[in-house]
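Report on one structure; see the data block that follows.
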Amino acid sequence: MTPPDIAATPDGAAERTFQVDLRGLVDLLSHHLYSSPRVYLRELLQNAVDALTARYTLAGTGTGTLVTTGTATAGATGATGAPGTWPAAGEPVPGIRVYADGSVVRVEDDGVGLTVDDVHTFLATIGRSSKRADEIAEQRGDFIGQFGIGLLSCFLVADEIHVLSRSARTPDAPAVEWRGRGDGSYTVRTLAASARPRPGTTVTLTPRADAGEWTSATRVHGLARHFGSLLRHPVTFDDGGRGPVVPVNPEPAPWTRDHPTPGARSRALAAYGEEVLGFTPLDTIELDLPAVGLRGIACVLPDAVPAGRGNGHRVHVKGMLLSEQAAEILPDWAFFVRCVVDVESLRPTASREALYEDDTLAAVRDALADRLRAWIARAAASDPELLGRFLQAHHLAVKSLAVHDDEILRMLLPWLPFETTAGHTTLDEFARTHRTVLVTSSVEEFRQVAAIASAAGLGVVNGGYTYDRALVHRLPEVTPGVSVADLDPATLTAHLDPVDRETELAAAAYLALAREALAVFDCDVALRAFQPASAPALLVDSREARHERTRSRLAREQEGGLWGDILGALRQEAPRAQLILNQYNPLVRTAVTIGEPELARTSAEALYGQAALLSRRPLRPAESSLINRSFLDLLAHALRKS
């Protein structure tokens with residue numbers, strides 16, 4: 001005789017079915033599919049919701065409506081119950097009941113129920129959907145679950161699952177009992193209809209001793225509210241008589257309710273956002289995409305977002321919480337908002353803890369981005385005070401958007417703050433006094449030249465921060481008549497006054513000694529006159545030039561080797577750094593008269609070190625050593641002289 005798991009084929013070969021190690025499969029689910037054992041309750045709620053949806057579909061009465069009490073009857077406000085439909089007038093509104101007293105966890109629904117054949121077909125076959133695909137495939141999108149493995153998640157907290165169900169498809173259907181155990185075995189019994197007087201399903205778990213963290217009455221109640229607060233069917237919780245039976249989702253989502261005035265609606269949405277997300281929104285943006293059945297809110301954060309913090313958006317699918325960290329629902333630049341949305345037509349992943357990346361999700365992301373742009377446009381046009389508070393907190397987010405969005409660029413570039421030689425100001429205000437705007441390529445370059453450029457009347461913007469240089473270069477598109485150019489050393493030195501020939505000749509010997517002392521840093525030395533007079537020297541050097549000099553030095557050291565050939569091929573003629581001494585500074589005027597060679601070299605090294613410190617760029621080890629040595633040498637010279 002052929003064993004039960006072996007079927008004979010026409011050619012005589014034995015066709016075998018896979019034997020499943022259920023404990024190994026559950027371990028796989030717990031470590032690689034689900035993020036936490038807590039999902040077992042979500043899966044039970046989800047199955048119950050889908051069973052109710054299937055029964056409404058079977059009855060042809062829609063999907064039911066949330067009411068605010070667990071004892072409401074059909075025909076009450078907000079409940080379905082038209083004559084000749086299910087539920088009939090006077091019957092309790094169908095719903096879901098969650099029970100937990102510490103010894104058992106039970107989830108009961110009034111849904112479509114299971115027949116004996118359903119139990120054998122679905123509960124005994126791992127991975128097959130428990131929805132009747134042959135009858136309701138066309139309504140597939142009405143169901144939350146899509147993968148048919150949700151019931152297995154109960155084995156994360158229990159060794160046995162007990163299911164008692166009665167089908168609504170046949171009036172006199174018997175009750176059917178299924179008991180599944182963690183070792184992979186199960187039993188099925190047919191019971192009298194009196195074992196379950198009404199159609200529906202009850203799933204009971206006997207928790208393992210080590211699962212108390214997830215199955216206590218308090219935790220189960222919290223999980224039910226966490227996952228099911230926006231479900232469209234009424235859900236109640238019973239803790240075994242220690243307290244009253246309470247609704248899990250007493251009110252529908254605030255965006256589905258009617259409000260007497262727009263102001264009342266805005267306040268209600270903001271209050272909900274504060275309750276769910278934990279902060280008072282700067283403003284609340286209502287989201288509505290009918291094409292995919294998406295509704296919800298985007299709450300504008302009142303403070304800047306620290307670098308590296310993820311975009312935690314709460315996404316519900318058909319009322320069931322999918323994720324609190326669904327960053328994929330919005331583009332990366334929208335990190336100034338947190339969303340709470342409920343959507344009908346987006347696909348969850350197999351774990352139902354994230355959204356499946358497909359064309360629909362991409363379209364939703366683009367549409368929500370348009371809603372955020374529209375909100376910014378409205379604030380810019382009609383609420384300058386709100387716009388100012390928003391930009392003060394989130395100018396980086398807006399800059400990232402403006403780089404690639406011409407509409408936002410035109411609206412907000414004049415309002416965005418930048419660091420300039422006139423302080424932190426907007427480009428609109430800065431361009432009124434500087435029709436030629438110079439922009440640096442790095443923060444250190446700006447810090448090197450800011451004071452001197454300001455004294456020389458040059459308008460310089462710090463382009464070293466993220467997005468700033470690209471945005472400044474687009475200023476002429478928004479403000480006609482303004483030109484923008486990159487600041488280079490030649491531009492700056494051209495605005496420094498040359499000294500007269502006699503002064504240049506008198507300082508020639510000192511300048512020669514200074515160039516010799518600083519040759520190790522590939523640094524030239526020049527004498528100019530510039531404001532402010534308090535600045536003894538200016539070090540003009542760029543990061544690119546330093547990198548090129550380092551590459552050239554490594555090429556020389558590796559000459560003849562493979563890396564030397566590669567670096568030599570990349571070598572370019574790099575501009576030297578330039579230490580520009582200020583003739584207006586009293587210290588410099590004294591230094592250039594020093595006749596003692598060693599003291600002249602030491603003073604030049606000290607001036608270089610001071611200028612390098614003022615540039616605020618990272619010092620190389622040789623520069624740190626030079627600063628220490630020159631300070632000690634000058635101190636020793638002063639002590640000897642005294």
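The values are calculated or read from the model by the stated rules, or taken from the named source; none is laboratory data. Computed from a predicted model, the values in this text were never measured in an experiment. Neighbour counts run over all protein chains shown; Cβ positions are idealised from the backbone, glycine included. Areas reflect the complete protein model, heavy atoms only, side chains present, ligands, DNA and RNA absent. Shrake-Rupley method; radii C 1.70, N 1.55, O 1.52, S 1.80 Å.
Tabulated data
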quantity	calculated
Residue count, the range 480-489 (criterion: surrounded by fewer than 18 Cβ atoms within 10 Å (Cβ to Cβ) and either in a helix (DSSP H, G or I) or not hydrophobic (A, V, I, L, M, F, W, C) (or both))	5
Selected residue (only one of 443, 403, 437 is open to solvent by less than 20 Å² (accessible area, probe 1.4 Å) and among the β-branched types (Val, Ile, Thr))	437
Selected residue (criterion: farthest from residue 463 (Cα to Cα)) from residues of the range 406-430 that are open to solvent by less than 30 Å² (accessible area, probe 1.4 Å) and of a type in the set (Phe, Trp, Tyr)	430
Matching residues in the range 446-478 - criterion: being closer than 19 Å to residue 401 by Cα, in a loop (DSSP other than H, G, I, E, B) and either open to solvent by 10 Å² or more (accessible area, probe 1.4 Å) or in contact with a Cys (Cβ under 7 Å, 6 or more places away or on another chain) (or both)	464, 465, 466, 467, 474
Some residue of the range 267-278 being aromatic (Phe, Trp, Tyr) and over 17 Å from the mean Cα position of the chain (by Cα)	yes
Counted residues, the range 385-406 - those being over 19 Å from residue 330 (Cα atoms) and out of contact with any Pro (no Cβ under 9 Å at 6 or more places or on another chain)	5
Lone unmet requirement of (1) closer than 16 Å to residue 48 by Cβ; (2) open to solvent by less than 20 Å² (accessible area, probe 1.4 Å) for residue 198	(2)
Test: residue in the range 423-433 that is of a type in the set (Val, Ile, Thr), at pLDDT 85 or above and out of contact with any Leu (no Cβ under 8 Å at 6 or more places or on another chain)	yes
Qualifying positions in the range 227-270 - part of a loop (DSSP other than H, G, I, E, B), open to solvent by 70 Å² or more (accessible area, probe 1.4 Å) and not hydrophobic (A, V, I, L, M, F, W, C)	232, 242, 244, 251, 257, 258, 260
Criterion violated by residue 527 - all others in (1) touching a residue at least 12 places away in the same chain (Cβ under 8 Å); (2) under 24 Å from residue 589 (Cα atoms); (3) open to solvent by 50 Å² or more (accessible area, probe 1.4 Å) satisfied	(3)
Residue within the range 346-361 that is over 30 Å from residue 45 (Cβ atoms) and either exposed (fewer than 15 other Cβ atoms within 10 Å of the Cβ) or of a type outside the set (D, E, K, R) (or both) present	no
